[in-house]
Each structure stands twice: as C-alpha cells, then as structure tokens.
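Peer 1: Got a structure for you, written out below as structure tokens; questions coming shortly.
The values are calculated or read from the model by the stated rules, or taken from the named source; none is laboratory data. The structure presented is a predicted model; accordingly, all values stated were derived computationally and were not measured. Cβ atoms come from the backbone with ideal geometry, glycine included; neighbour counts cover every protein chain shown.
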Ligand SMILES: C[S@@+](CC[C@H](N)C(=O)[O-])C[C@H]1O[C@@H](n2cnc3c(N)ncnc32)[C@H](O)[C@@H]1O
C-alpha cells in the first residue's frame, strides 16, 4: 500500500479500528508480562506498542520491518509513549539474523505479503524457544460475499475493487482462511482460530474516513490495473457516499475481516 506519510497515517487509523480485535487476539494467544516478543512487519509500530504494554517493562519487544522509514515513526511513537522495552530493526524477516530465544512471534497483516507464507512462518518460528507462541492476525476477503447486496451498489464496487487490487498485487487476499494450512505445512501444531470484523452503521463511525483514505492510497493501482477510473471512484466524496448508502439501505458496512491464529510449540 505504499510507503508515504499518508500511508503511515492510514496504518495508524487502521490500528485504532482494529485495536480491540488485536488486544483480544494477544490475550487469548497467551502474551503476558515479562515475555520477549518478535513483531514481524511492524509498520508504524501499532502492534509493537500494544505488545509493549502487554509484556510490561520486564519484557521486551523487537519489531522488524523491510521499510526503515516507517520504523522511524514506530521508534518515535514508542519513545513518546515512554516504552523503553522496544527495539526496531530494519530488514527482511525471511533472512534477518535474529536470536532464537523469543517467547512469541507475532504478526498482523504481514504473511499475506509473503510469497510462501508457510515457508516464512517456518523460518520465523526458528526464533522461538521451545514452548514459544506463534500468533498471526491476517485479512480475509472471502466473507465479503455475505455483505454484498443489491441495495448497496457502492459498497459492492468497493469490495470488488479492493479485493482485485490486492489480488493483482500478488497479496494473499484469503490469508486468514489459509492460516491453518500455513501452520500445518510449516510443521507447527494446529492453531486455535478466531474471526472478527469491525462494522459501521452510526454516522460518526471513524471507518468511513478510514475507507476513503484506504481507497485514496490504492487509487493509483486501481487506475494502473484499469479496474476503475478516478471519476468512478471519486475518492474525495467516498466517506460521505458510503455513509449515505449505509443510512439509506440500513445495511452496515463491514471492514476487511481478520482471522487470528495462535499455537504453542512443544516444550
Ligand atoms: C499492512 S502493514 C502492517 C503493519 C503492522 N503489522 C500493523 O498491523 O499495523 C505490512 C508491513 O509488513 C512489512 N513487510 C512485508 N514483508 C516483509 C518482510 N518480508 N520482512 C519485514 N517486513 C515486511 C511491510 O513493509 C509493512 O510495513
């Protein structure tokens, strides 16, 4: 989704909407005080910041991302929040040399960008101690078939455009449903799985603005792949038009569903 300042803002906005989903996921995964956790594909640091809170000052969070620039934002935010238990390292998690004594490896919206998620997962878990936790939260577009409806033509278009852009970019748009296979193919124990999606109905729901910004971010790709024109997307009026459609159809809009998986390695 790009590496610009507005993309960093969009990631932070996204994290606010999914924050409670991620907190519940970390809690049931068993992330707790004193743990040393690797955050894979940290981005602007939202998962790392939440992890820093979960593990407390006696724990440690190491965040890794390909994008050194966005990690500067993560570092600044961790410093501003007063977390002294975070460290951010720029590099590719598939090849970066890291210790093998982590209590947990965590990632959100990152396996979806790996060419071979099972292989990436298998490598990532080599950084775990025996009895360590592998916990991943990934998007899945397939449940959107339940949200598409004749009364919501704009939402139907957005679902189609969004999914197609990610597919054409090579991302795994059904990574959530593929998590089970990735764990098993990586030789890990069968994971516990959960499914959640924030939904918007009320006029003041922050997801409308988030969706507009998300489509602003992918608009160049929508045009490049000739999925729709800028006029059809009309991005500057998108939040207002989605809200109006929800209000008129009385059908709530669903943000991309996330599926979470966690498994504990044998001790
Ligand atoms: C959609 S963002 C998610 C950021 C963060 N996990 C969150 O949920 O807010 C995906 C991030 O994964 C990073 N990424 C993708 N492939 C990676 C790899 N092989 N190694 C390290 N980082 C990677 C990207 O640079 C990007 O910052």
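Peer 1: Which one of these does residue 94 not meet: (1) under 20 Å from the mean Cα position of the chain (by Cα); (2) under 22 Å from residue 24 (Cα atoms); (3) at pLDDT below 95?
Peer 2: Every condition holds for residue 94 apart from (2).
Peer 1: Would you say residue 209 is in a loop (DSSP other than H, G, I, E, B) and either more than 19 Å from the chain's Cα centre (by Cα) or modelled with pLDDT under 95 (or both)?
Peer 2: When the stated conditions are applied, residue 209 does not pass them.
Peer 1: Given the structure, is residue 119 modelled with pLDDT of 95 or more, within 16 Å of the ligand (Cβ to nearest atom) and more than 18 Å from the chain's Cα centre (by Cα)?
Peer 2: When the stated conditions are applied, residue 119 passes them.
Residue-wise test of (1) buried (at least 19 other Cβ atoms within 10 Å of the Cβ); (2) farther than 29 Å from residue 104 by Cβ.
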position	(1), (2)
195	no, no
215	yes, yes
231	no, yes
242	yes, yes
249	no, yes
261	yes, no
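Peer 1: What residue, among those in region 187-202 that are in contact with a strand residue (DSSP E or B) (Cβ under 6 Å, 6 or more places away or on another chain) and assigned to a loop (DSSP other than H, G, I, E, B), is nearest to residue 14 (Cα to Cα)?
Peer 2: 197
Peer 1: Which is free of Cβ contacts under 8 Å to residues at least 40 places away in the same chain and closer than 17 Å to residue 14 by Cβ, of 239, 230?
Peer 2: Numbers: 230 fails: closer than 17 Å to residue 14 by Cβ.
Just a single option satisfies the conditions, and that option is 239.
Peer 1: Looking at region 92-110, which of the residues that are more than 9 Å from the ligand (Cβ to nearest atom) and not in a strand (DSSP E or B) is surrounded by the most Cβ atoms within 10 Å (Cβ to Cβ)?
Peer 2: 98
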